[in-house]
């Protein structure tokens, strides 16, 4: 088993309606050979389950938690307050959202001492890539896959420029 397969990222969301967005994080992780688990863990409807998830995450072998939430978006911050693992927040434009701004600001404005890395509104793909970069900081196989990915991005831009001529 490669070292990349030994790392696992938890992907949680406040509602199953967030799955279409959050699946993009899992897809990105798969691209880099990193396993993930996906669960609905609501900060407001199942606070005990959220506490259990956050407190047991490191013991289950998780290395990073990606938490997506819409509306008041308490999930990423509450999870970050309960674990020493890095937490990446994905603000989601939900049906009860104020154009997503409520989610962005709820996740972005964390108090000192409880950091949450925050990506763009519905930016779960970037959350997956960021989680891979965190793991890649101490896993050479993942870092090598990220390097290939970054080169592919450069090539795409080069091709775009060639298409302009």
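Annotations
- Meets criteria (in contact with a strand residue (DSSP E or B) (Cβ under 9 Å, 6 or more places away or on another chain), at pLDDT 95 or above and within 22 Å of residue 149 (Cβ to Cβ)) for residue 83: no
- Of all the listed residues (150, 125, 154), the sole one being touching a residue at least 24 places away in the same chain (Cβ under 8 Å) and not in a loop (DSSP other than H, G, I, E, B) is 125.
- Considering residues of the stretch 1-21 that are more than 16 Å from the chain's Cα centre (by Cα) and at pLDDT 80 or above only, the residue farthest from residue 134 (Cα to Cα): 17
- Test result for residue 113, within 30 Å of residue 73 (Cα to Cα), buried (at least 19 other Cβ atoms within 10 Å of the Cβ) and modelled with pLDDT of 95 or more: no
The values are calculated or read from the model by the stated rules, or taken from the named source; none is laboratory data. Not measured: the values here are computed from a predicted model. Heads up, the Cβs are rebuilt from the backbone with ideal geometry, glycines too, and the neighbour counts pull from every protein chain shown.
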